[in-house]
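Below: one structure, written as C-alpha cells.
Computed from the coordinates by the stated procedures, all read-outs in this text should not be read as laboratory data. The model shown is predicted, which means the values in this text are computed figures rather than measured ones. Note that we place each Cβ from the backbone using ideal geometry, even for glycine, and neighbour counts take in every protein chain shown.
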Amino acid sequence: MGDKTQTHPGAAGRAVAADHPASLRNVVLVGHSGSGKTTLVEALALTAGAVNRAGRVEDGGTVSDYDEIEHRQQRSVQLSLVPLEWDGIKVNVLDTPGYADFVGELRAGLRAADAALFVVSASDGVDGSTRMVWEECAAVGMPRAIVVTHLEAARADFGEMTRVCAETFGGDDPDAVLPLYLPLHGPQGPDGHAPVTGLVGLLSQKLFDYSSGERKESEPGPEQLPDMTQARNRLIEGIISESEDETLMDRYLGGEQVEVKTLIEDLERAVARGTFFPVLAAAPAAAGARQGIGTVELLELITRGFPTPFEHPTPGVTTIDGTPREIKPCDIDGPLVAEVVKTSSDPYVGRISLVRVFSGVLRPDQTVHVSGHGMTDRGHEDHDLDERIGALSMPFGKQQRPVPQAVVGDLVCVAKLTRAETGDTLSAKDDPLVMEPWRMPDPLLPLAIQAHSKADEDKLSQGLARLVAEDPTMRLEQNQDTHQVVLWCLGEAHADVALERLRTRYGVQVDVVPHRVSLRETFAHRSAGRGRHVKQSGGHGQYAICEIEVEPLPGGSGIEFVDKVVGGAVPRQFIPSVEKGVRAQAAKGVAAGHPLIDVRVTLLDGKAHSVDSSDAAFQTAGALALREAAAEARIHLLEPVAEVSVLVGDDYVGAVMSDLSGRRGRVLGTEQTAGGRTVIRAEVPEIEIGRYAVDLRSLSHGTARFDRRYVRHEPMPAQVAEKVREQARDS
C-alpha cells in the first residue's frame, strides 16, 4: 500500500512462526472455481520466498492425501493453509475451494480468518455465489479487498471489471470500491493484445515494472498521466470520505494538498474497519520471473491494511453446561480457547487438526479438554473428553515443520487428536469451555450406499464415522424404515470425494444404490378381518381366533387400538396380545412392506381355548386378522411431503416455480427479500426432490439455495404408486 520496492526473503526452508498477535494476519481467499486463487497463492509464496531448494514453490496445505482427488476433479476440494512471512509479519493464507459443493471448507476458512480477499477473474466476472459470500462477510463486518486476476486473458478489461465490482459489491456506496493501482500494458502483439507488464500506483504516482522478472520502480510517462490523474482524484475522494477526520474533505475541496502519508493511514484504517474495499490487480509471473505482477502490492495491503487478530471479536463461548462466559478478544493471558476448523488425515503422521487459537496459548504435550456440542442434527453426538496435544507444526508444502507453541490469533496443525472433530473446542482441562458452532449449509443430496463385500462391511461403520467427524457438511443417516445407510452431501462432487476418501483413506469399497424415501400405507376405507390360528398336532396346541374392524383416521393419528369385546370371548389377559400382534404386523406393512399408519383397529370378537390359547397364539391371530382386512381393502401408499423454501434471484423465480410444479409441488407463496431475491415456499413430495440440490444449482446458475423440512405423509397418486410397486417387485 505504501508502494515499497523492498521484498522480503520470507521463511524459505523453515516454519513460519509468530510470537505475538500483532505480527499475525489471517486472510482467506474467496472466489469461484477457476478464478485463480491457488495460482495467486503460489505467486504470493514465491514473492515471499517460500521456495524449496530447487527454487520451486512448495504447495501449501494441511494434508497430502488429496492430490489424487484434486487432480482427478481438476479443482480444489479442501481448505489449505499456506503460511508466509512479509516485512516481519506472519501471514496465514487460507485458500478455499471455489466450487459450491465444498462451501463447508469456505466457511471454515471464514471462521479462521480475520479478513477476506475476493479473487475475481477479469475474463469471467463475478458469479452469484461469490456475491452471496460477500454479503455474508458484510453482515459480520469482515474487512475485504478485491484482486482482479487473469489480466493476461485476451478479453480482460481491468477498468470494466472494477466498474462491475463497484456495482456488485459497493451497494449504496460504489465509491467504497476503488482501485489502488492500474495495469501497465506493454506493446501490442500480433493479435492486437497488449500484455500487462506492471502497475501504476495511484497514491505514490509511480510505475512498477515487472517485465524483467523483478519489480522496478520508475516515474510515469506523459501517456499514463491522464488516466492516472483521473483515477487518483477519485481514489483520494473515496479515502477521504471514510476518514475519521471530518474536516479533511472540506480542506481537500478547498484546494489543500493532502499528504500521501495521511491518505495511506486513512486508507489502512478504513480497510481494517471494513468500510473501504480496495481493488488490486494480479497476473502470473513470466517464465523464470521471481515475482508475479501485483504480489508485492497484495502483501503490503495484507500486512499493513488488514486487521490483526486483536480486532477479531471472539465468537460466543459458554461453559459445558451452557452458561455464557465472557472471553476478551485475543487475550494472550486469558484461558485457552481454540477451535478445530479442519480435520484431515496424513498417511505418515495420522490425523491432523487445523486449529485457530482465540484465547491463551496452545503448547505441545499439554492435556486439553475437547468439547463438541450443537451438531447432533448432523449425526455428531455431543461429547466432552480430555486429550493430550501432540506435536504442533506448520505446513511447508507436504511436510510439517514443528513450532514451539501457537499464540492467540495463530493457526497451527495439531497431531494425533484422535477424538477431536471439526468444530470442536479445545480448552484447559480444569476450565472446559465450548464455542458456538459456525453456520454450515445443510447437506441435501442423499447418497445411499452399501458395503461392496463382507470385508468392507466390517470397516464401513468406522470409516463413515471418521468421514463425518472430519466434514461437518456431511450427515450420516441410518434409516430405520428403508434400512439404508445414507450419506447426505452438498452435491455430486462432494459425494464423489466422500466415496474416494472412503476407498483411498479408509480402504472401504462401497456400492451406490438407489435412495428410497420412507413410504407408509393406510386403509382407504373401512374393512374387516378374521384371524384364526389353530394348531393341534399332538402335545400342547395353539388356539386363538379374533375378529377386527379397521377404519382410516386423519393424518398423524398413528395406530389406535380399541377393545370392544363383550362376554369374555377373548379373555382379558390376551387382549394386549392381539394388540401387540396387530402393531407388529402394522410395522411390517400389509401391502408393499411399508409401515401402516393412521388407522383405528377395533377388536370385536374372538374365541379362546382353556388349555391351548396363549400370548403367542393371539399375537399371531391379531397379525393374521390385519392381513385379511388389508386383502379385502384398497390400500393407499403414502409418501412423505416436505416444505421447501427456495431463496432465488428474481430473474429465476419463474423458472423455479415452473420446475416445482413439474415435481408435483404446490406453491404456498412468495416473499421479496433484500438484494433482488425472492423466497418461494412450496410443498413437494420428497420422492421428487432427491436430486433437487443438483437440479436447482443448474437451474439458477448456482445463485439459489433451499432448505426443506418434513411436514406429513399423504396419499400418492395411483399412477405413481403403481410405478413404485413395480420397482419394488423388480428389486
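Add +1 for every Lys or Arg and -1 for every Asp or Glu among the other residues with Cβ under 11 Å from the Cβ of VAL641, and state the total. With Lys, Arg at +1 and Asp, Glu at -1, the net is -1. Here the Karplus curve 6.51 cos²θ - 1.76 cosθ + 1.60, taken at θ = phi - 60°, turns the phi angles of the range 701-708 into couplings of 6, x, 9, 10, 9, 8, 9, 8 Hz, with x standing for Gly and Pro.
Placing dummy labels 7 Å off each Cα toward the beta-carbon, the span from LYS216 to ALA455 is 6.4 nm. May I ask for the percentage of alpha-carbon pairs in the range 448-550 that lie more than 20 Å from each other? Above the 20 Å cut-off, the range 448-550 has 56 percent of its Cα pairs.
Work out which helices of the chain, taken as complete DSSP H runs, extend at least 15 Å along their axis over the Cα atoms and score a mean Kyte-Doolittle of -1.0 or more, then list them. Span-like helices here: 37-48, 128-139, 158-169, 225-241, 260-273, 454-470, 492-504, 575-588, 615-631.
Between the residues VAL355, GLY409, SER527, the greatest Cα displacement towards the positive end of the dipole of the chain, with unit charges on the Cβ of Lys, Arg, Asp and Glu, is found for SER527. At 7 Å along the Cα-to-beta-carbon direction for both GLU136 and ARG155, put a label point, then send me their distance in nm to one decimal. So the two model labels end up 2.9 nm from each other. Each other residue within a Cβ distance under 10 Å of GLN450 adds +1 if Lys or Arg and -1 if Asp or Glu, for a net charge of -3. Taking 14 Å as the straight-line reach from the Cα of LYS723, the aspartates and glutamates in range (excluding those fewer than 8 positions away in the same chain) are GLU639, GLU688. For the range 688-725, backbone nitrogen atoms closer than 11 Å to the point 7 Å from GLU492 Cα along Cα-to-C-beta are found at 694-695, 698.
Among the listed pairs LYS216/LYS261; LYS37/LYS216; LYS216/LYS342; LYS90/LYS416; LYS535/LYS580; LYS564/LYS588, which are separated by more than 30 Å between their Cα atoms?
On the way: LYS216/LYS261 22 Å; LYS37/LYS216 25 Å; LYS216/LYS342 40 Å; LYS90/LYS416 25 Å; LYS535/LYS580 20 Å; LYS564/LYS588 25 Å.
Over 30 Å Cα-Cα: LYS216/LYS342.
Packing order of peptides 300-310, 171-181, highest average first: 300-310, 171-181 (average count of other Cβ atoms within 10 Å over each peptide's residues). Considering only GLN536, VAL486, ALA498, and ranking their Cα positions along the charge dipole of the range 478-538 that arises from unit charges at the beta-carbon of Lys, Arg, Asp and Glu, the one farthest toward the positive end is GLN536. Calculated from the alpha-carbon coordinates, the range 109-164 shows an Rg and a Dmax of 12.4, 37 Å respectively.
Computed over the range 379-441, the P(r) curve from all C-alpha pair distances, binned at 5 Å from the origin, holds 3, 13, 21, 25, 20, 12, 6, 0 percent per bin.
Averaging the sequence gap over all C-alpha pairs within less than 8 Å and six or more residues apart, then dividing by the number of residues, gives the chain a relative contact order of 10 percent.
At full extension, SER698 and MET249 could sit 156.9 nm farther apart than now, given 0.36 nm per residue minus the alpha carbon distance.
Taking a point 7 Å out from the Cα of ARG163 in the direction of its Cβ, none of the residues of the range 218-247 has a backbone N less than 13 Å from it.
Distances longer than 26 Å among the Cα atoms of the range 387-524: what percent of all pairs is that?
Working: 3899 of 9453 pairs.
Cα-Cα pairs in the range 387-524 separated by more than 26 Å: 41 percent.
Rounded to the nearest 20 debye, the dipole magnitude of the chain is 2480 debye, with +1 charges on Lys and Arg beta carbons, -1 on Asp and Glu beta carbons, and the Cα centre as origin.
Each 10 Å bin, from zero up to the one with the longest distance, holds this percent of the alpha carbon pairs of the chain: 3, 12, 19, 20, 17, 11, 7, 5, 3, 2, 1, 0. The listed peptides 624-634, 135-145, ordered by packing as a protection proxy, come out as 624-634, 135-145 (highest mean of other Cβ atoms within 10 Å first).
Based on Cα contacts under 8 Å between residues 6+ apart, the range 193-328 shows a relative contact order of 20 percent. Projecting the Cα atoms of ILE240, PRO315, LEU225 onto the charge dipole of the range 178-317 (Cβ charges, centred on the Cα centre) puts PRO315 farthest toward the positive pole.
Taking every alpha-carbon pair under 8 Å whose residues sit at least 6 apart, the range 414-473 reaches a relative contact order of 39 percent. Amide H contacts under 5 Å for ARG351: ASP346, LYS416, restricted to partners 5 or more places along the chain or on a different chain, H placed in the peptide plane at 1.01 Å from N. For the range 451-491, rounded, prolate or oblate, judged on the Cα gyration tensor with a ≥ b ≥ c (square roots of eigenvalues), a/c < 1.5 rounded, else prolate if a/b > b/c? In terms of gyration-tensor shape, oblate.
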